[in-house]
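Enquirer: Here it is: the structure, laid out below.
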Amino acid sequence: MEGYTVYGEERRLEGQLLDRVALVCGNAETVFDDLTEALRMFESPAIFGVNEIGCYLGLIHHWVSLHGDKLSRWVAVRRAEPSVWQEFKTHTSSTAIAPADYIWKIEPCTFPLSGLFAAQIAYIMGAEKIILCGCPGDGTRRFFDRKPRIDYSYGGGETPGDQRDREHLLQELNRVPELRKRLKSMSGRMRTILGGPNA
């Protein structure tokens, strides 16, 4: 896919989502509202769960995390509950310490946030449109927290990590115009940057 080179067997996944919409579900408290609205708009999308939210989604096709060690534990929780059992594939990066179905080595870069990494995978897999749900890119609290984090705002704050991740995203959107064209958001700062699902 334009802008990225994939190494290893993951190259076989390039183009598998051609003409499909991918919904990338992150951990912000908006995720369930965002997802419900997106499911009204798009028929038969590919659902990408990110980090913990994969334990709670009614349907999941791809489960993505940069935290490979935690991903294996989250998967075990979901597979232990028969009411949410169905086939899905797990994805992590080549820097993770635990195995997954797919371990991605992407050049020149892998996004540093699991939600954007999932969007990057969906892009490489050829999704026509990639919609962020529960990935607002700001200080919105995570769905399992009582209060927002004070140490990091997913690119929306002024910590060194926020500034680094915000700059990286903007550089990649400028470097890979096709990614910018396909990537949209249901809410938050990311919707301001990328536009909504019908933009």
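The values are calculated or read from the model by the stated rules, or taken from the named source; none is laboratory data. Please read all numbers here as calculations on a predicted model, not as lab measurements. Don't worry about glycine lacking a Cβ; one is built from the backbone with ideal geometry, like all the others, and counts go over all protein chains shown.
Enquirer: Out of everything in region 57-98 that is of a type in the set (Ser, Thr, Tyr) and surrounded by 13 or more Cβ atoms within 10 Å (Cβ to Cβ), what residue ends up being nearest to Ser114 (Cα to Cα)?
Expert: Among them, the one singled out is Ser65.
Enquirer: Only one of Tyr152, Tyr102 is in contact with a His (Cβ under 9 Å, 6 or more places away or on another chain), among the aromatic types (Phe, Trp, Tyr) and either closer than 21 Å to Trp74 by Cα or surrounded by fewer than 19 Cβ atoms within 10 Å (Cβ to Cβ) (or both). Can you tell me which? Outline the logic, then answer.
Expert: Values: Tyr152 fails: in contact with a His (Cβ under 9 Å, 6 or more places away or on another chain).
Exactly one residue qualifies, and that residue is Tyr102.
Enquirer: Mind checking which pairs have a first residue in region 50-63 that is farther than 13 Å from Ala122 by Cβ and a second that is assigned to a loop (DSSP other than H, G, I, E, B) and aliphatic (A, V, I, L, M), Cβ under 7 Å, 6 or more apart or different chains?
Expert: Gly54/Ile60
Enquirer: Return the pairs, sorted by first residue and then second, in which the second residue is in a loop (DSSP other than H, G, I, E, B) and at pLDDT below 95, the first residue lies in region 1-24 and is of a type in the set (D, E, K, R), the beta carbons are less than 9 Å apart, and the residues are 6+ apart or on different chains.
Expert: Final answer for the pair search is Glu14/Met1.
Enquirer: Which of (1) more than 17 Å from the chain's Cα centre (by Cα); (2) more than 16 Å from Pro197 (Cα to Cα) is the odd one out, the single condition Lys89 does not satisfy?
Expert: Going through (1) more than 17 Å from the chain's Cα centre (by Cα); (2) more than 16 Å from Pro197 (Cα to Cα) one by one, Lys89 breaks only (1).
Enquirer: May I ask you to list the residues in region 22-60 that are touching a helix residue (DSSP H, G or I) at 6+ places or on another chain (Cβ under 6 Å) and on the phi > 0 side of the Ramachandran plot?
Expert: Asn51
Enquirer: Could you grab me the full set of residues in region 78-112 that are among the hydroxyl-bearing types (Ser, Thr, Tyr) and under 18 Å from His61 (Cα atoms)? Before the answer, list the steps.
Expert: Applying the first criterion (among the hydroxyl-bearing types (Ser, Thr, Tyr)) to region 78-112 yields 83, 90, 92-95, 102, 110.
Correct list: Ser83, Thr90, Thr92, Ser93, Tyr102.
Enquirer: Let me ask something additional. Checking the conditions here, which among Thr30, Thr36 is crowded, with 16+ Cβ neighbours inside 10 Å, under 23 Å from Asn198 (Cβ atoms) and of a type in the set (Ser, Thr, Tyr)? Walk me through it before giving the result.
Expert: On the way: Thr36 fails: crowded, with 16+ Cβ neighbours inside 10 Å.
Of the residues listed, the single one that is crowded, with 16+ Cβ neighbours inside 10 Å, under 23 Å from Asn198 (Cβ atoms) and of a type in the set (Ser, Thr, Tyr) is Thr30.
Enquirer: Among Pro136, Pro177, which is farther than 22 Å from Gly68 by Cα and without any contact (Cβ under 8 Å) to a residue 12 or more places away in the chain?
Expert: Details: Pro136 fails: without any contact (Cβ under 8 Å) to a residue 12 or more places away in the chain.
Answer to the selection: Pro177.
Enquirer: In region 144-190, what count of residues is obtained for those that are aromatic (Phe, Trp, Tyr) and under 16 Å from the mean Cα position of the chain (by Cα)? So that I can check it myself, show each step before the final result.
Expert: Of the residues in region 144-190, the ones aromatic (Phe, Trp, Tyr) are 144, 152, 154.
The next check asks that each one be under 16 Å from the mean Cα position of the chain (by Cα); those that pass are 154.
Of the residues in that region, 1 qualify.
Enquirer: Here's something else I'd like to know. Would you check if Arg146 is without any contact (Cβ under 8 Å) to a residue 60 or more places away in the chain and either buried (at least 18 other Cβ atoms within 10 Å of the Cβ) or in contact with a helix residue (DSSP H, G or I) (Cβ under 6 Å, 6 or more places away or on another chain) (or both)?
Expert: Details: without any contact (Cβ under 8 Å) to a residue 60 or more places away in the chain: yes; either buried (at least 18 other Cβ atoms within 10 Å of the Cβ) or in contact with a helix residue (DSSP H, G or I) (Cβ under 6 Å, 6 or more places away or on another chain) (or both): no.
Spelling it out, it is not the case that Arg146 is without any contact (Cβ under 8 Å) to a residue 60 or more places away in the chain and either buried (at least 18 other Cβ atoms within 10 Å of the Cβ) or in contact with a helix residue (DSSP H, G or I) (Cβ under 6 Å, 6 or more places away or on another chain) (or both).
Enquirer: In region 23-64, which residue that is of a type in the set (Phe, Trp, Tyr) and in a loop (DSSP other than H, G, I, E, B) is modelled with the lowest pLDDT?
Expert: So the first thing to find is which residues in region 23-64 are of a type in the set (Phe, Trp, Tyr), and the list is 32, 42, 48, 56, 63.
Retained after the next criterion (residues that are in a loop (DSSP other than H, G, I, E, B)): 42, 56.
Details: Phe42: 97, Tyr56: 93.
Here the residue is Tyr56.
Listed here are the residues, each with its yes/no results for (1) closer than 28 Å to Thr36 by Cα; (2) modelled with pLDDT under 95; (3) not hydrophobic (A, V, I, L, M, F, W, C).
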position: Asp138; (1), (2), (3): yes, no, yes
position: Phe144; (1), (2), (3): yes, yes, no
position: Leu169; (1), (2), (3): yes, no, no
position: Leu173; (1), (2), (3): yes, no, no
position: Val176; (1), (2), (3): no, no, no
position: Leu179; (1), (2), (3): yes, no, no
position: Arg182; (1), (2), (3): yes, no, yes
position: Arg189; (1), (2), (3): yes, no, yes
